[in-house]
Amino acid sequence: MSALALAMRRLSTMHSRRVWIVIGIMLALTSVVVPILNGVVPAGSALHFPDYLVPVLGKFMCFAMVALALDLVWGYAGILSLGHGLFFALGGYAMGMYLMRSIRGEGVYRSDLPDFMVFLDWKALPWYWHGFQVFWFAVAMAIVVPGLVAFLFGYFAFRSRVRGVYLSIVTQALTFAAMLLFFQNATGFGGNNGLTDYKRILGYSLHQPSTRLTLYVVSVLALFVMYMGCRFIVTSRMGRVVTAIRDAELKVRFCGYETNHYKLFVWTLSAMLCGVAGALYVPQVGIINPSEMQPSNSIEMAIWVALGGRGSLFGGILGAWVINGAKSWLTAALPSAWLYVLGVLFVGMTLFAPDGLIGLGAVLRARFGKRRS
């Protein structure tokens with residue numbers, strides 16, 4: 001069998017032809033149509049996509065990456081993390097450090113040190129800031145640092161047989177402790193103000209619409225690649241073992257599999273994906289501070305996955321888009337109503353559509369089918 005035939009056979013096991021067509025249409029709309037409407041269609045046209053919405057969509061794509069990463073570890077491995085905001089923020093801080101180093105000498109104080117260090121009377125750059133003047137080093141750290149933190153945490157947690165709600169609480173405590181640490185000015189990450197006042201990335205101004213559009217397209221492509229990679233994993237033999245661990249870990253261990261290794265791999269990979277999302281999020285939003293690590297953010301990430309449909313990958317993406325789209329609109333139209341709407345959505349979906357938005361169609365077909373019959 002040729003390599004092309006093997007690839008086509010592998011793709012057919014990942015999705016049906018109809019689903020592939022839907023994915024292709026969505027990819028074309030987000031990565032081709034939106035840039036054309038923004039960069040080619042004149043600003044006065046009714047079809048023009050405004051510049052201010054480009055980074056908003058880019059932010060949604062980054063949130064979708066986080067939801068995808070969380071669904072991989074929660075939906076398939078059964079590990080509910082309430083601390084993925086930490087990995088997301090670590091990736092963001094790595095990129096923020098590069099963006100701060102790239103404008104040395106151009107800040108308010110005209111110093112080679114970041115402005116907050118000059119304000120706090122720092123005399124020299126801390127050792128852990130060295131190397132971040134290089135873009136690819138910062139990208140590598142945005143992936144390696146969250147992965148390393150997750151690996152060390154997961155190694156001791158899984159080895160100690162911590163699971164279920166106890167593991168969720170420990171992950172929440174981890175991100176809360178990190179948030180308190182980063183709030184300290186002595187830590188060297190800007191304290192409660194964080195890192196901001198970015199000007200350029202790879203020599204291109206972050207205030208130019210073309211740069212923002214490029215970052216958006218990169219975010220879309222990164223989300224697509226992540227989805228393909230996660231889908232490849234969950235449909236592989238290793239993915240079936242991981243799913244079996246979620247359903248009956250003791251039986252899988254009795255069959256001779258070292259379940260801790262599988263869980264640690266998926267857990268670490270999920271954290272690294274969050275780091276990439278954070279690195280793409282920061283230049284589009286323009287700031288990173290410890291509030292990104294607060295436990296409520298990690299809980300909201302879990303709500304994205306639960307509302308969209310756990311254990312489907314695309315459900316997490318859909319949940320992130322729907323919730324953040326509604327949040328952006330409602331916080332402007334009805335600021336005081338957003339949390340109530342979110343609560344009603346979450347409780348309603350849990351009671352009437354436990355499979356989330358991705359399974360809502362099946363629920364409606366089943367109920368209306370019974371009425372007709």
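The numbers here are math on the coordinates, done by the rules we state, and not lab data. Values in this document were obtained by computation on a predicted structure and should not be read as measured data. Neighbour counts run over all protein chains shown; Cβ positions are idealised from the backbone, glycine included.
Of note:
- Most mobile of 158, 119, 265 in a GNM of the chain (Cα contacts under 10 Å): 119
- J(HN,Hα) series, the stretch 77-88, from Karplus relation 6.51 cos²θ - 1.76 cosθ + 1.60, nearest Hz, glycine and proline x: 9, x, 9, 7, 9, 10, x, 5, x, 5, 5, 4
- Taking each residue as 0.36 nm, the span from residue 327 to residue 346 lengthens on full extension beyond its C-alpha to C-alpha distance by 5.5 nm.
- Taking all pairs of distinct alpha-carbon atoms in the stretch 62-130, Kirkwood radius in angstrom: 14.5
- Pairwise label distance in nanometres, residue 121 with residue 37, each label 7 Å out on the Cα-Cβ vector: 5.4
- Unit charges on C-beta of K, R, D, E only; dipole of the stretch 52-299, Debye: 580
- Highest-fluctuation residue, 104, 163, 17 considered, GNM on the chain with Cα pairs under 10 Å: 17
- Set of the stretch 128-149 residues, backbone N closer than 12 Å to the point 7 Å along the Cα-Cβ line of residue 218: 135-140
- Summarising the label geometry, the points placed 7 Å from Cα in the beta-carbon direction at residue 261 and residue 148 lie 2.5 nm from one another.
- Stretchable slack from residue 184 to residue 22, in nm (0.36 nm times residue separation minus alpha-carbon distance): 53.6 nm
- The gain in end-to-end length when the residue 294 to residue 193 segment is fully stretched comes to 34.9 nm, 0.36 nm per residue minus the alpha carbon separation.
- In order along the stretch 107-121, phi translates into HN-Hα couplings of x, 4, 8, 6, 10, 6, 8, x, 4, 5, 6, 5, 4, 8, 6 Hz, rounded to whole numbers, per the Karplus curve 6.51 cos²θ - 1.76 cosθ + 1.60 with θ = phi - 60° and x for Gly and Pro.
- Ordering of 137-148, 308-319, 25-36 by burial proxy (mean other Cβ atoms within 10 Å per residue, highest first): 308-319, 137-148, 25-36
- Pairwise Lys count, the chain - Cα closer than 24 Å, eight or more residues apart or different chains: 4
- Pairwise Cα distances in the chain exceed 27 Å for 53 percent of all pairs.
- Here the 3J(HN,Hα) profile of the stretch 58-71, calculated from phi with Karplus coefficients 6.51, -1.76 and 1.60 at θ = phi - 60°, is x, 5, 5, 5, 5, 5, 5, 4, 5, 4, 4, 5, 5, 5 Hz, Gly and Pro shown as x.
- When the Cα gyration tensor is reduced to axis lengths a ≥ b ≥ c, the ratio a/c is 1.5 or higher for the stretch 223-373, and with a/b not above b/c it is classed as oblate.
- Selected from 209, 186, 160, residue furthest toward positive end of dipole (the stretch 109-216; charges at beta carbon): 160
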